[in-house]
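A.B. asks: Input: one structure, supplied below.
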Amino acid sequence: MHGLVIRSTGNSCIVRTDEGLLVECFVKGNFRIRGIKSTNPVAVGDVVTITVLDGGKTAFITDIEERRNYIVRRSSNLSKQSHVLACNLDQCLLVVTVRHPETNTVFIDRFLATAQAYRIPVILLFNKQDLLDKDDTVKTEKLCSLYGSIGYRCLRCDSLHGQGLNELRILLTDKTTLVSGNSGVGKSTIINALIPGSELKTGRISDKHDTGMHTTTFSEMLELPEGGWLIDTPGVKGFGLYDMKKEEISHYFPEIFECSKECRYGDCTHTNEPDCAVREGVRTGSISESRYASYLSMMSDEGEGKYRHGEQ
Ligand SMILES: Nc1nc2c(ncn2[C@@H]2O[C@H](COP(=O)(O)OP(=O)(O)OP(=O)(O)O)[C@@H](O)[C@H]2O)c(=O)[nH]1
Ligand SMILES: [Mg+2]
Ligand SMILES: [Zn+2]
């Protein structure tokens, strides 16, 4: 039988077969995907072949179709290995909050660069609009205009009260979308609002740290009533630079890449070379300081970088 992996909990996963059956499947011990050193050989979004044994009591995944794409983060305990968050994606929805909790721009930029490296488009969704005071609103507008000018679509919503979701709904229809963001930004709440009856568990925000409680613990794929799939994922703190070489990092910041064509040296790292158009752009304001700071942060944590330890 053929099917789609819609949930993966470590030891086993749930496959939805082409016939619409839900089957719990195990992965055979030494089954590994070529070329990827990952802690989870099978991930949500994989298209698989399954074999059912014991008259239907046990099922195994016996083949995985080649992935169109995938997005990984490094595993915390096995830093040389990666964890495939999901695969065969059409786009990512990055949920961001300027308050309660606050998403920092380094996190946003690392996510955008990672997705750019995998050539997966990203929509930025600014959630919890109901909580914003005047300053927060100004901040949100600035961020939307910054990321909009680079070419990312930015939307705002209040998912708790179901406000501002109509435009989003249209963008999600008939697509497979990975929903990502820090813990507590409202990923599961958004999916509950878009898919009545999904009843995903949602958590509160810690009063002490103003961070989420890591309520979602495994990735899960849910079908939209309009057609298409959403993938709820556990909140992440950061992404490793898996598969990304230092000299490539600037390629994944579209506006920095564009500007770098004017640098004096073709291999300019935009750190201390003379006649660097990127640093000049930061000085004159055509490149944002926060984006440049994120670029430098990614450049400086190659190898044993802090994100390798900071992740969870
Ligand atoms: N005021 C307000 N609260 C919201 C909004 N969206 C989500 N919340 C609240 O934020 C808290 C966290 O929401 P979740 O949906 O669990 O967040 P998550 O991103 O799935 O978190 P993890 O599963 O831990 O990664 C819950 O108490 C939600 O009710 C919103 O638009 N406005
Ligand atoms: Mg969640
Ligand atoms: Zn330069």
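A.B. asks: Test of understanding: express the Cα radius of gyration of the range 2-66 as a ratio to 2.2 N^0.38 Å, with N the residue count.
C.D. replies: Ratio of Rg to 2.2 N^0.38 Å for the range 2-66: 1.02.
A.B. asks: Could you check the simple spin-label distance between Lys57 and Ser12, using points 7 Å along Cα→Cβ, in nm with one decimal?
C.D. replies: 1.3 nm
A.B. asks: Which log10 I(q)/I(0) values, to two decimals, does the chain give at q = 0.11, 0.13 Å⁻¹ under the Debye formula with one point per Cα?
C.D. replies: Normalising to I(0) and taking log10 leaves -0.72, -0.98.
A.B. asks: Okay, moving on. Could you order peptides 214-220, 126-132 by the average number of other Cβ atoms within 10 Å of their residues, highest first?
C.D. replies: 126-132, 214-220
A.B. asks: Sticking with this structure for a sec: Can you work out ³J(HN,Hα) from phi for every residue in the range 116-122, in order, using Karplus 6.51 cos²θ - 1.76 cosθ + 1.60 and θ = phi - 60°, giving whole Hz and x for Gly and Pro?
C.D. replies: 4, 4, 8, 6, 10, x, 10
A.B. asks: What residues have an amide H closer than 5 Å to that of Leu93, excluding those fewer than 5 places away on the same chain, when H is modeled at 1.01 Å from N in the peptide plane?
C.D. replies: Those lying under 5 Å, H to H, from Leu93 are Ile123, Leu178, Val179, Ser180.
A.B. asks: As a test of the formula, what do you get for the chain when each DSSP H run with n ≥ 4 contributes -39,500 (n - 2.57) and the sum is divided by the residue count, at 222 nm and rounded to the nearest 500 deg cm²/dmol?
C.D. replies: Roughly -7000 deg cm²/dmol at 222 nm, from the helical runs in the chain.
A.B. asks: Give me the number: length gained by fully extending Thr137 to Thr173, i.e. 0.36 nm times residue separation minus the C-alpha to C-alpha distance, one decimal in nm.
C.D. replies: That pair, Thr137 and Thr173, stretches by 10.1 nm at full extension.
A.B. asks: Okay, next question. On a straight-distance basis, which lysines could pair with Lys237 in a cross-link, Cα separation under 16 angstrom, same-chain partners fewer than 8 positions away excluded?
C.D. replies: Lys187, Lys306
A.B. asks: Shifting gears a bit: In terms of modelled amide H atoms, which long-range or inter-chain residues lie less than 5 Å from the amide H of Thr62?
C.D. replies: Thr49, Ile50, Thr51
A.B. asks: Between Asp90 and Asp210, 0.36 nm times their residue separation minus their Cα-Cα distance comes to what?
C.D. replies: Roughly 40.0 nm would be gained on extension.
A.B. asks: Sticking with the crude label model, points 7 Å out along Cα→Cβ, report the distance from Glu248 to His161 in nm, one decimal please.
C.D. replies: The modelled label-to-label distance comes out at 4.5 nm.
A.B. asks: Kindly write out, for the range 152-169 in residue order, the coupling ³J(HN,Hα) from the Karplus curve 6.51 cos²θ - 1.76 cosθ + 1.60 (θ = phi - 60°), rounded to whole Hz, with x marking Gly and Pro.
C.D. replies: Each residue's phi maps through the Karplus curve to give 8, 6, 10, 10, 10, 7, 10, 6, 4, 9, x, 9, x, 9, 5, 5, 4, 3 Hz.
A.B. asks: How large is the Kirkwood hydrodynamic radius of the range 247-310, counting all unique pairs of alpha carbons, in Å?
C.D. replies: With all distinct Cα pairs of the range 247-310 included, I get 12.1 Å.
A.B. asks: What aspartates and glutamates does Lys246 reach when the alpha-carbon gap must be under 19 Å and sequence neighbours fewer than 8 apart in one chain are set aside?
C.D. replies: Reachable aspartates and glutamates: Asp109, Glu255, Glu258, Asp267, Glu273, Asp301, Glu302, Glu304.
A.B. asks: Once fully extended, how much extra length lies between Ser145 and Thr217, figured as 0.36 nm per residue of separation less the alpha-carbon to alpha-carbon distance?
C.D. replies: So the extension gain works out to 22.6 nm.
A.B. asks: Which FRET efficiency value, to the nearest 0.05, is calculated for Ser300 and Asn104 with the Förster distance at 25 angstrom and r the Cβ-Cβ distance?
C.D. replies: The calculated FRET efficiency here is 0.95.
A.B. asks: Per residue, how big is the convex hull of the range 71-232 when only Cα atoms are used? Give it in Å³.
C.D. replies: For the range 71-232, the hull spanned by Cα atoms encloses 119 Å³ per residue.
A.B. asks: Next question, about the same structure. With +1 on the Cβ of every Lys and Arg and -1 on the Cβ of every Asp and Glu, and nothing else charged, how large is the dipole of the range 193-302 about its Cα centre, in debye rounded to the nearest 20?
C.D. replies: 320 debye
A.B. asks: On each of the three principal axes of the Cα atoms of the range 85-153, give max minus min coordinate, whole Å, ordered largest first.
C.D. replies: Over the range 85-153, Cα extents along the principal axes are 39, 24, 19 Å.
A.B. asks: Using a cut-off of 14 Å between alpha-carbon atoms, which aspartates and glutamates can reach Lys57, once sequence neighbours fewer than 8 places away in the same chain are excluded?
C.D. replies: In chain and number order, the partners are Glu24.
A.B. asks: Hey, with R₀ at 41 Å, roughly what FRET efficiency would Thr39 and Asp267 work out to, going by the Cβ-Cβ distance, to 0.05?
C.D. replies: The computed FRET efficiency comes out at 0.70.
A.B. asks: Quick one: Karplus J couplings for the range 279-285, per residue in order, coefficients 6.51, -1.76, 1.60, θ = phi - 60°, nearest Hz, x for Gly and Pro?
C.D. replies: Residue by residue, the range 279-285 yields 5, 5, x, 5, 5, 8, x Hz.
A.B. asks: Amide H to amide H under 5 Å from Arg153: which residues, 5+ apart in sequence or cross-chain, H placed 1.01 Å off N in plane?
C.D. replies: Result for Arg153 returns Leu124.
Values in this text are rule-based calculations from the coordinates and carry no lab data. In this text, all values refer to a predicted model and were calculated from it rather than measured experimentally. Because the Cβ atoms are built from the backbone with ideal geometry, glycine has one as well, and the counts that use them run over all protein chains shown.
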